[in-house]
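The values are calculated or read from the model by the stated rules, or taken from the named source; none is laboratory data. The shown structure was predicted, so the numbers you read here are calculated from the model rather than taken from an experiment. Counting neighbours? That spans all protein chains shown, and the Cβs are built from the backbone with ideal geometry, glycine included.
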Protein chains: 2
Amino acid sequence: MDVLEELRSYREKDIPYSRVLSSMCTIPHELAVKAHQLFIGTNLGDPGIFPGTVELERKLVSMLGELLHRRDCAGYICSGGTEANIQGIRSARNLKRRKDPNIVIPKTAHFSFEKICDILCVEVRRANVDEDYRVDLAEVEGLIDGRTVAIVGIAGTTELGQIDPIVELSKLSEEKDIPLHVDAAFGGLVIPFMDRPYPFDFANKGVTSITIDPHKMGMATIPAGGILFRDESFLKALEVETPYLTSKMQFTLTGTRPGTGVASAYAVLKALGYNGMREIVKRCLKNTRILVEEMSALGFEPVIEPVMNVVAFKTERAEEIKQELYRRRWVISTIREPRAIRFVVMPHVTEEVIKNFMGEFRRVV
Amino acid sequence: MDVLEELRSYREKDIPYSRVLSSMCTIPHELAVKAHQLFIGTNLGDPGIFPGTVELERKLVSMLGELLHRRDCAGYICSGGTEANIQGIRSARNLKRRKDPNIVIPKTAHFSFEKICDILCVEVRRANVDEDYRVDLAEVEGLIDGRTVAIVGIAGTTELGQIDPIVELSKLSEEKDIPLHVDAAFGGLVIPFMDRPYPFDFANKGVTSITIDPHKMGMATIPAGGILFRDESFLKALEVETPYLTSKMQFTLTGTRPGTGVASAYAVLKALGYNGMREIVKRCLKNTRILVEEMSALGFEPVIEPVMNVVAFKTERAEEIKQELYRRRWVISTIREPRAIRFVVMPHVTEEVIKNFMGEFRRVV
């Protein structure tokens, strides 16, 4: 068997996205795939060799910055939300230079903050959330002390797609002079395209950095994460010298770094434009609504009314249902508090996928 | 202009590899590109969705482990050498749990250790090198104290392609009971295919982790780095819990993570085999020799006799030569101590490329 045939046999064991209702990633857009192919072999880690790809990255960063009300932001396209969150917190930690630093995050923050706590040697303080699973402001304020180097707000929580009160967090951040990092890895390319976009971005003066991942709702190829900063000073706090490269300094976490994600993210955003993205988001929200109706008809109640295209339904049997569906090659996920089954209605989760899924789901429950 | 045409216009501004003699990356092998394309869209960060890709990753890790005399090693395919080095040191730091930890590295270590120092809050102590630019053992021993959590040795230094005395470092590591991390990001896929391979790998009992990057001499597509550990316990020290994914724990640094690098690295190593890789390495070493002869004829003397396909030539005019060549769209690099121009003779640096380069070089000097 030749090696490509062998590889195909492995690939066939993977579960197709048409049976995946749990992932924040999706089938990359066909333009994303074409763009990706043009840039296989590029390495943004050595910018002097790839000046064209570097220029494209700058354009993409400005484009994302414009979407987030700060065209002249600083930042770069990275491996994903974890690197983006690490770099956002690392920058704040380095600028604040406090002994035994801590950060205050919502209890609903992504598990990557567990890694960040370990990697960056910062204490992570978790603030409780209100009945709508938005972080409690009084809790956040109470956890802040003289060693706090960053506050974190989430725009599109992983479990429920909820948006923290960023406007109020921003005021608190300004008042206390503590950087506010917004994890909009998922929501960053959803919220701006909704009918009444919640102001989660740089329009709030306290927001100093934002994680926004084109390889989630931007339908770019993996890896394409994004970390944007209010200005260059935050990037400067990440720099190390780079002898023997074509650049003098490097602020990225990784060294060698593909240009494929830049090209694929750019292709999708440029070709679809704001209107095209609005259409995509609209369809995902409509399909989320359809899922809620179908599930309600079976007696399953959403944990919160979905804010975006993420929704969870309460059930004590969550784990069991997930596992039984997995045995039938359908992938959903669960959350633990409250016990619920969780869905992400990505662009590949079409009406037809939902229909097929509900057929299987009815047999399982 | 349609977006793909626009992207092509950016891509054309990049410098082709046929004019790049400075990079440790290369044109990916054609099988690597084909394999990559089959796995666009895969995400190893959510293993339950991609069981086939996960299985392939395990095979590749074993294959690399076998090459490094430890088939049953633990590890994973990551974004590149920086992530691999971070994870190697982080694991050692977490296992040793010492207050104000430090690591002892050679002065010749890659600049990513600067980032590691900042990111992981470890003090970095730099040991001097001998006249052959191999780390001085007495220096290393003198820098170790009760707070040292790791020793680092390099198998293929970035500047000169030199190999540290890993055998002796390993003895020291066993004697002091301190993990030894070997950065073989470059040399890991060169040394095993040389006529008299230096024993830099797990055959030395003190070696606990090795960085080995298929996207360098493995001709895989970017990103394809590798971090291998002697056993599972080192991976365990990196784990965090992962609710709402198809896995329970995650030891990688990044979350979402492409399977493309796994597929492309596997394709090349499987199809070429050890014999094919030996041929590639042999040709690179032969071309390095040709470059040395051509340069010697012009009066340029190598800093050290090349150990592998990396070579630097002493000249006080290093920066000026590099810049003048860059103006003519040829990329070489420089080192600072001693002042020298540096070359990496990757598979794309053929005899013809060297001939073309030397023509331009003669005009410049």
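The table that follows gives values for the structure above.
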item	result
Unique match (being closer than 17 Å to B:Thr53 by Cβ, surrounded by 15 or more Cβ atoms within 10 Å (Cβ to Cβ) and either out of contact with any helix residue (DSSP H, G or I) (no Cβ under 9 Å at 6 or more places or on another chain) or among the small types (Gly, Ala, Ser) (or both)) among B:Ala312, B:Ala220, B:Ala318, B:Ala237	B:Ala220
Hits in segment A:171-182 (condition: in contact with a Gly (Cβ under 7 Å, 6 or more places away or on another chain) and either under 16 Å from A:Ile89 (Cα atoms) or surrounded by 24 or more Cβ atoms within 10 Å (Cβ to Cβ) (or both))	A:Ser173, A:Leu180, A:His181, A:Val182
Scope segment B:145-169; condition among the hydroxyl-bearing types (Ser, Thr, Tyr) and surrounded by fewer than 24 Cβ atoms within 10 Å (Cβ to Cβ); matching residues	B:Thr148
Residues of segment A:1-25 classified as among the β-branched types (Val, Ile, Thr) and either crowded, with 21+ Cβ neighbours inside 10 Å or more than 7 Å from chain B (Cβ to nearest Cβ) (or both), total	1
Residue selected from segment A:219-229 under the condition of a type in the set (Gly, Ala, Ser) and closer than 13 Å to A:His36 by Cβ, by the criterion farthest from the chain's Cα centre (by Cα)	A:Ala220
Set B:Asp145, B:Asp183, B:Asp132: member being more than 21 Å from B:Ile227 (Cα to Cα) and either in contact (Cβ under 8 Å) with a residue 60 or more places away in the chain or within 14 Å of chain A (Cβ to nearest Cβ) (or both)	B:Asp132
Helices (runs of 4 or more DSSP H) wholly inside segment B:230-347 that include at least 1 residues being within 30 Å of A:Val33 (Cβ to Cβ) and either more than 10 Å from chain A (Cβ to nearest Cβ) or without any contact (Cβ under 8 Å) to a residue 24 or more places away in the chain (or both)	B:260-297
Boolean, A:Tyr76 is under 30 Å from B:Leu60 (Cβ atoms), outside the structural domain of A:Glu351 (by TED's automatic domain parsing) and among the aromatic types (Phe, Trp, Tyr)	yes
Residues of segment A:62-114 satisfying the condition of being at positive phi, within 13 Å of another protein chain (Cβ to nearest Cβ) and surrounded by fewer than 20 Cβ atoms within 10 Å (Cβ to Cβ)	A:Arg97, A:Asp100
Count of segment A:203-217 residues which are buried (at least 24 other Cβ atoms within 10 Å of the Cβ) and more than 9 Å from every other protein chain (Cβ to nearest Cβ)	9
Residue that is farthest from the other protein chains (Cβ to nearest Cβ), among those in segment B:39-58 that are surrounded by 18 or more Cβ atoms within 10 Å (Cβ to Cβ) and of a type in the set (Asp, Glu)	B:Glu57
Of all residues in segment A:341-361 being more than 30 Å from A:Gly276 (Cα to Cα) and over 21 Å from the mean Cα position of the chain (by Cα), the one that is surrounded by the most Cβ atoms within 10 Å (Cβ to Cβ)	A:Phe361
Among residues of segment A:179-218, those that are over 15 Å from the mean Cα position of the chain (by Cα) and under 18 Å from A:Val135 (Cβ atoms), counted	8
Residue match in segment B:26-38 (condition: in contact with a Lys or Arg (Cβ under 7 Å, 6 or more places away or on another chain), closer than 30 Å to B:Ala203 by Cβ and more than 7 Å from chain A (Cβ to nearest Cβ))	no
Residue within segment A:343-365 that is in contact with a helix residue (DSSP H, G or I) (Cβ under 9 Å, 6 or more places away or on another chain), of a type in the set (Ser, Thr, Tyr) and under 26 Å from B:Lys248 (Cβ atoms) present	no
Helices (runs of 4 or more DSSP H) lying entirely in segment B:1-68 (those with 1 or more residues that are in contact (Cβ under 8 Å) with a residue 40 or more places away in the chain)	B:30-39, B:51-67
Flag for B:Thr82 being touching a His at 6+ places or on another chain (Cβ under 9 Å) and closer than 30 Å to B:Pro243 by Cβ	yes
